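The values are calculated or read from the model by the stated rules, or taken from the named source; none is laboratory data. Please read all numbers here as calculations on a predicted model, not as lab measurements. Please note: Cβ atoms are built from the backbone with ideal geometry, for glycine as well, and neighbour counts cover all protein chains shown.
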Amino acid sequence: MTLDSRTPGGPLPGKWDRHRFESKLVNPANRRKFTVIIVGTGLAGASAASSLGELGYNVKSFCIHDSPRRAHSIAAQGGINAAKNYQNDGDSIQRLFHDTVKGGDYRSREANVYRLAQLSVNIIDQCVAQGVPFAREYGGLLDNRSFGGAQVSRTFYARGQTGQQLLLGAYQSMMRQVEKRSVSLFANREMLDLVVVSGQARGIICRNLITGEIERHAGHAVLLCTGGYGTAYYLSTNAVNSNVTAAWRAHKRGAFFANPCYTQIHPTCIPVSGTHQSKLTLMSESLRNDGRVWVPKKNGDKRPPQQIPEEDRDYYLERRYPSFGNLVPRDVASRNAKVVCDEGRGVGESGLAVYLDFGDAIKRLGEDVIRTRYGNLFDMYRKITDEDPYRSPMRIYPAIHYTMGGLWVDYNLMSTIAGLHVLGEANFSDHGANRLGASALMQGLADGYFVIPYTLANYLGGTAFPVVTTDHDAFRDASDTVQGRIDKLLNARGKETPRQLHRRLGQLLWDYVGMARNDAGLGKALAEISKLRDEFWQNVSVPGPANNLNKNLEYAGRVADYLEFAEVLTVDALHRTESCGGHFREESQTPDGEALRDDANFSYVAAWEFKGVTAKPELHKEPLDFEYVKPSQRSYK
Amino acid sequence: MRITLKVWRQSGPAKAGTLVEYAADNVSADMSFLEMLDLVNEGLIARGEDPIAFDSDCREGICGACGFLIDGLPHGPVRGSTVCQLHMRSFSDGDTLVLEPWRAKAFPLVKDLVVDRSAFDRIIQAGGYTSINVGGARDANSILIGKDTVEQAMDSAACIACGACVAACKNASAALFTAAKITHLSLLPQGQVERYTRVVRMVDRHDDEGFGSCSNEGECEAVCPKEIPITNIARMNREYLKATLMRGR
Amino acid sequence: MSSFRRVFTSSVGTKLLIGLTGLALFAYLILHLAGNLLIFFGQETFNEYSHKLISNPLVVPVEIGLLLIFLLHVYKAIINWMGNQAARPVRYEKTEWAGHKSRKSVSSVTMIWTGLMTLLFVVVHLKQFRFGAWYEIGSPPIRDLYRTETELFTAPAWVAVYVLCVILVGFHLRHGISSAFQSIGADHPVYTKRLVVWGTAFAILIGGGFAIIPIWVYLTR
C-alpha cells in the first residue's frame, strides 16, 4: 500500500484555499442525514463536535469522563501560539510555519504545518468571541508571552490555565449544540473497537462505564480525538485515564500508526519523589521566560542552592546556547538536563533534578510581578513539594509530556481506513519529531474548528454509503471481540495488579525508550515487553463486577493495550537510527553531543501496519519533501 | 504513617451503603491523598476484592474529576485544594478519617465515592456560552477589554466543576457553580448580547435539576478549590433581578 | 414562564423575595424599637406616641401591608426550607463547618427555627398588645398602652419569654441582614465585607434594645 498524503498542488500559501475550493460540499439539508461519531471531547473533539453540530450534522460525541469538560486538554498551562503579530516583533504566518517545521526537526509535512500557521489566526478570534479570558494589557489589547523555540512573542495565554479556558470555550460551544440536539452526548463511554464495513469506518463499540453494557453505535464517519499515549511510560504529565486504547484498537483494524517513537519529554516537571507516585506534574514552560536553569559546577556539590555562589553555578543552557539561552526547544532543554545529571551534577535527593531559579527575576522585577505571572504555578509547586519557590529555586526534571506520533493521517486528517479521521494529539501530523510549546492547543483547535468541517464534507459528499445498521455482522464480530477481551481480563484471576504491571512497563520504556536510546537498550526492551505482556495475561488480578462501574477493569484493559503498543513504539525507535527531535539515538550525535539527523535515510514518516500482536509490524514510508524550508542542522546556539 | 479510613461503600445507586473500615499502612507524607487511596486499592485488588471507586484524572487540581468529603469537609482540610493536590503531610500518624461522597439529590450516587455530576453539564447547556458559530468571529483585538475586567472574569472562569460547593452547602445548592459562569460571561463584552436570557435560563435549569437555594453562608467559597467568592452569587442575583423585574424575562 | 412566576418560584427569586421582605421587616423593627424606647421617657410620652400612631388613618392599611410582607416572608421561607431539605435526601455521616471565609454560624443554621419561634412570638405579642387589654387614661381618653405593658412585665415569666424571643429575633437578624443584601445582589468589593459586621451590630442593637425594655419595666415597677 502506498501512502498518499493527498496534499494539494500549487504554491504552499494557496494550497489550503485551493483545497477548500476543490473539496466537495454537503448540502445543508442533507447534513443531518449523516451521523458523525466523535470519540473524545478534548480541544480537538469538542471543537469538532461544536463546529460540525453548528453545520447541521448529526453528531454523537463520546467521552470516558463523567463530563466532556474533564478531557486532559484542560491541564495545558502555558498558552496557544498564533501568528497575529500583535506585538509588531516580526511574526508572520511564514515565520510560525518556519519555526514549527524547524522545531519539529524537519520531520513534519510542510503543507499541514503551513495550514496550521494560517489557521492559528482564526483560532484566537474564535476563542475570544467565545469569551475566553485571555490575558490583556492595560489598554485592553491582548497580551503575549514568548515560548521556547521562538524569538517572537506569539503566545496567547489565560494565566497558567490556557488549556482549561480554551477547552471550556469549546465545551460550552459543544453544549450549546447538545441543547439544540444537533450533538448527542455519551459520557462515561469508552470506545473499545472500531467497526469497519467494506473498508469504511462505520461505527464503534463502546462500553458504558457505569452499567458495563457493551454498546454499538453506527455512523457515516468516525473521528478519533483521543489524545496521546504518554501514559505508556506510567509516569507522565498526562492524566491517569489518558490512554492509547481507542487509537490502538483502530490500528488493529487497519489504521497505520505513524512515528510512535516521537515522544516529547518536557524539561520542566516536578521531579519524581518516590515509588508511590501516580503521575508527574508539569510546570509550564513559560517559567523559562524568567527562570534560569543551573546546576553546580562541581560533581556532588550538595550545598543548599542559596549557599552556592555565582561562580560555582553552571547556567548550562545559557552557556551552550547563547542566542536562545533558557528558551531552547523542549527536546534540547530536556536532553541537556539529562546530560548534566548523568555527569553527577544533578541536585536534590535523587540527583535527578536541576534548578530553575527565579532569584534574579525577583530581584529585577519584584516578587509581585513574578506572582502575577506565575503565582498559580508557584502555589502548585509549593503544594506538591512543600518548598517555597520564592525563596529557593525550583527543582525540575524532564518527564513524558506529549506524543508527536499517532495514527497516520493524510492532508484531510483521514487515516488509512476510509472515513476514520484522527484529530489533535491522536494523529501524527503537524509537529514532526518535536512539538514547540503552545502548539498543541493550536493544532487541536485548528483540526476541530477549521479543518475537519471542510475535509469531512469532502469525504461525506464524495462517498457512497451502503446501508449499515448495528445488526450488521461487523458490529456483532467487533462486539464479541470486545466482550471476549473483557471476559479474559476478569477470568485471569492472578496476583498482580494492573498498576504494578503498568509501572514495570513504564520503567522499561523510560529506561530504554526514553530521552536517549541505543540499539542494545531497544533490543532489550523489545524482549522484555513481550515477556511482560505474557505475564500480564497470566497473572493480572481484576476483581469486581463487569456490569457496574469498575475502574480497575477499565485500567487493566488500557494497560493490556499499552503492552501491545509498546512494542511498535520500540520497533519504531529501533529502526530509526538517526537522532531527531524527541528521538535521541546515542549512535547518532555530533561531536559536541547534539542530535544528528540523517536526512539522506530518514526523511520520511514511518507508518506501521498491524500484522498481529506477536508479529512484527510492517513499515510503510511517506517521504517528506521540503520545498520551502530547507532542512539544516538545528542550531539554537 | 498509618491511617485508618472509614469509607462509604455502596455498590450501586439502589443498593444500601455503609462505612467500611480500612487500614492504610506505610503511608508516606509526600503521597497525595489519592495516591494513598491507590495504595489501599492495590491491597484490595491483590486480595481479589472490589477496590474503592473514586473519580480522578489529571491529578493536578484542574480537571475537577476528583472530590469527596474527608471528615465532613469537601476536598479535606486544606484550603484551595482538591483531594488530588492534598498531601498526606496534612495528616498525622494514627488519624482516622471518614470518606463520604458528595450528597445531593441532583448528584445521584453511582458507586462508593463516585457521583453523577451531569447536572452541571445541563446547567451550562442551558446558556453558559456565547451563541456564536465557528467562522464569523471578528479580529480578537477589535474587542478591547480592560485588564482588571478580564482578571475578574478569569477568577470566575477558573471554576473546575468539581461539585464541592454543592457538597458543602447545607441546601445542596449549585449557586456558586452557576453564578461563576454567569459572572464570567456577564463581565465580558462578548457576553452582553445574551446577558439576561442566560441568567434566567441557567437559574431555571439549576432549579429543575433539584439543587437547593443559596444559603448565603459561604461554605461553598470556603471549600472551593479555586476559592471562587460568593460575590459571584450576589452578581447572579442582581443579574437575575434585572433580567426578570426590569426586563421581563 | 412569566417573569412574575419566575421570580416567585425560582431559587434565586425566592431568596430575592425573602431578602426584600426581610429587609422591609428589619426596617420596621428599627422604627418599632425607636417607638418602644420612648417608654424610658415616661407614661405620658409613651402613650402620646402610641395614640398618634393608632389614630393615624393610614395605620390599618400599613398594618395590612406589613402583615402581607410578613406572611410572604414566612411562606417563602418555609417553602424554601422544604425545598432545600429535599435537595439533600441522604444526610452525611459526618459533617464539619468549613470555617475560613464562611459565614456559617449558629444563627445561619437555625434561621428556620428562630424564624418559626418569631412567628409564634408575633402571634402572642399581637394578642397581648395590639389586641390586648385596653385601658384608657386622660381626657379626652387615649389608650393607656403604658399600663398594658407594665402590667404584663410585672410577671417574671413573661419577661423571660419576651427577652428570650427578642434574642432569637436578634439571632435571626444576625444572619438575616447580611444575607438579605447578598440575596438582592449587593457585591461591592469593600462595603459587602462590612455588611456582615453591620448586620451583626444591628442584630445586637435590635435584640438588645427590645430585651432591655421588659427587664427595665420589671426592675423599675
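Applying the condition of being in a loop (DSSP other than H, G, I, E, B) and more than 7 Å from chain B (Cβ to nearest Cβ) to the stretch C:98-125 and asking which residue is nearest to the chain's Cα centre (by Cα) yields C:THR110. Against the numbered list (1) of a type outside the set (Gly, Ala, Ser); (2) within 11 Å of chain B (Cβ to nearest Cβ); (3) in contact (Cβ under 8 Å) with a residue 40 or more places away in the chain; (4) not in a loop (DSSP other than H, G, I, E, B), A:ASN112 comes up short only at (2).
Scanning the stretch B:127-151 for residues that are more than 7 Å from chain A (Cβ to nearest Cβ), part of a loop (DSSP other than H, G, I, E, B) and either surrounded by 18 or more Cβ atoms within 10 Å (Cβ to Cβ) or of a type in the set (S, T, N, Q) (or both) yields a single hit, B:GLY127. Looking only at the stretch B:95-113, residues that are within 11 Å of chain A (Cβ to nearest Cβ) and surrounded by fewer than 22 Cβ atoms within 10 Å (Cβ to Cβ) come to 2 in all. The single residue among B:ASN171, B:ASN237 that is modelled with pLDDT of 95 or more, within 16 Å of C:SER179 (Cα to Cα) and under 17 Å from the mean Cα position of the chain (by Cα) turns out to be B:ASN171. Taking the residues in the stretch A:607-637 that are within 19 Å of A:SER530 (Cβ to Cβ) and among the aromatic types (Phe, Trp, Tyr) as candidates, determine which candidate is surrounded by the fewest Cβ atoms within 10 Å (Cβ to Cβ). Per the criteria, the residue is A:PHE610. Of the residues making up the stretch A:312-328, at least one is touching a helix residue (DSSP H, G or I) at 6+ places or on another chain (Cβ under 9 Å), at pLDDT 95 or above, aliphatic (A, V, I, L, M) and within 26 Å of A:LEU436 (Cβ to Cβ). Here A:VAL101 meets each of (1) of a type in the set (A, V, I, L, M); (2) under 23 Å from A:GLY405 (Cα atoms); (3) within 14 Å of chain B (Cβ to nearest Cβ) with one exception, condition (3).
Checked across the stretch C:44-54, the condition of being at pLDDT 95 or above and within 14 Å of chain B (Cβ to nearest Cβ) holds for no residue.
Only residues that are at pLDDT 95 or above, in a loop (DSSP other than H, G, I, E, B) and among the hydrophobic types (A, V, I, L, M, F, W, C) were counted across the stretch A:434-473, and they come to 4.
When the stretch B:114-126 is filtered for residues that are more than 8 Å from every other protein chain (Cβ to nearest Cβ) and over 12 Å from A:MET174 (Cα atoms), the ones remaining, listed by number, are B:VAL115, B:ALA119, B:ILE123. For first residues located in the stretch A:319-331 and of a type in the set (Asp, Glu), partners that are part of a helix (DSSP H, G or I) and lie 6+ apart or on another chain with Cβ distances below 9 Å form the pairs A:ASP331/A:GLY103. Out of B:ALA222, B:ALA158, report the one residue that is within 18 Å of A:LEU168 (Cα to Cα), hydrophobic (A, V, I, L, M, F, W, C) and modelled with pLDDT of 95 or more. After applying the criteria, what remains is B:ALA158.
I need a count of the residues in the stretch A:186-202 that are assigned to a loop (DSSP other than H, G, I, E, B) and farther than 22 Å from A:ARG558 by Cβ.
Number satisfying all stated conditions: 2.
Checked against the criterion of being in a helix (DSSP H, G or I), surrounded by 17 or more Cβ atoms within 10 Å (Cβ to Cβ), within 14 Å of chain B (Cβ to nearest Cβ) and touching a residue at least 12 places away in the same chain (Cβ under 8 Å), the stretch C:146-155 has no qualifying residue. Selection within the stretch A:126-156: residues that are at pLDDT 95 or above and of a type in the set (Phe, Trp, Tyr). The member of this set that is nearest to the chain's Cα centre (by Cα) is A:PHE156. When residues in the stretch A:253-278 are screened for being more than 18 Å from A:MET394 (Cα to Cα) and within 11 Å of chain B (Cβ to nearest Cβ), 4 of them pass. I'd like the residue in the stretch A:210-241 that is among the aromatic types (Phe, Trp, Tyr) and more than 26 Å from A:ASP477 (Cβ to Cβ) and, out of all such residues, is nearest to the other protein chains (Cβ to nearest Cβ). Residue satisfying both the conditions and the ranking: A:TYR234.
In the stretch A:115-135, is there at least one residue being among the basic types (Lys, Arg) and within 11 Å of another protein chain (Cβ to nearest Cβ)? No, the stretch A:115-135 contains no residue that is among the basic types (Lys, Arg) and within 11 Å of another protein chain (Cβ to nearest Cβ).
Can you tell me which of A:ARG504, A:ARG517 is surrounded by 21 or more Cβ atoms within 10 Å (Cβ to Cβ) and charged (D, E, K, R)?
A:ARG517
Identify, from the list B:GLY43, B:GLY80, B:GLY17, the residue that is surrounded by fewer than 22 Cβ atoms within 10 Å (Cβ to Cβ), under 29 Å from A:HIS72 (Cα atoms) and within 14 Å of chain C (Cβ to nearest Cβ). Among B:GLY43, B:GLY80, B:GLY17, only B:GLY80 is surrounded by fewer than 22 Cβ atoms within 10 Å (Cβ to Cβ), under 29 Å from A:HIS72 (Cα atoms) and within 14 Å of chain C (Cβ to nearest Cβ). Annotation note: of A:GLY506, A:GLY461, A:GLY484, the sole residue that is closer than 28 Å to A:ILE37 by Cβ and either touching a Phe, Trp or Tyr at 6+ places or on another chain (Cβ under 8 Å) or free of Cβ contacts under 8 Å to residues at least 12 places away in the same chain (or both) is A:GLY484.
Per the conditions (1) within 28 Å of B:ASP208 (Cα to Cα); (2) buried (at least 18 other Cβ atoms within 10 Å of the Cβ); (3) modelled with pLDDT of 95 or more, the sole criterion not satisfied by C:ILE78 is (2).
Answer yes or no: is there a residue in the stretch B:94-108 that is modelled with pLDDT of 95 or more and within 29 Å of A:GLY227 (Cα to Cα). Checked against the condition, which is being modelled with pLDDT of 95 or more and within 29 Å of A:GLY227 (Cα to Cα), the stretch B:94-108 yields at least one hit.
Looking only at the stretch A:203-247, how many residues end up being among the β-branched types (Val, Ile, Thr) and either more than 15 Å from the chain's Cα centre (by Cα) or part of a strand (DSSP E or B) (or both)? Number satisfying all stated conditions: 6. Taken together, the residues in the stretch B:195-216 that are closer than 19 Å to C:GLY19 by Cα and either in a loop (DSSP other than H, G, I, E, B) or more than 10 Å from chain C (Cβ to nearest Cβ) (or both) amount to 5. No other residue among C:PHE46, C:PHE70 is hydrophobic (A, V, I, L, M, F, W, C), in contact (Cβ under 8 Å) with a residue 24 or more places away in the chain and within 26 Å of B:LEU245 (Cβ to Cβ) apart from C:PHE70.
Table: residues versus (1) crowded, with 17+ Cβ neighbours inside 10 Å; (2) under 15 Å from A:GLY227 (Cβ atoms); (3) of a type in the set (D, E, K, R).
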site	(1), (2), (3)
A:GLY9	no, no, no
A:SER23	yes, no, no
A:VAL26	yes, no, no
A:ASN58	yes, no, no
A:CYS63	yes, yes, no
A:ILE74	yes, yes, no
A:ILE80	yes, no, no
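Scan A:LEU141, A:LEU167 and give me the residue that is within 14 Å of chain B (Cβ to nearest Cβ) and surrounded by fewer than 20 Cβ atoms within 10 Å (Cβ to Cβ). None of the other options fit; the residue is A:LEU141.
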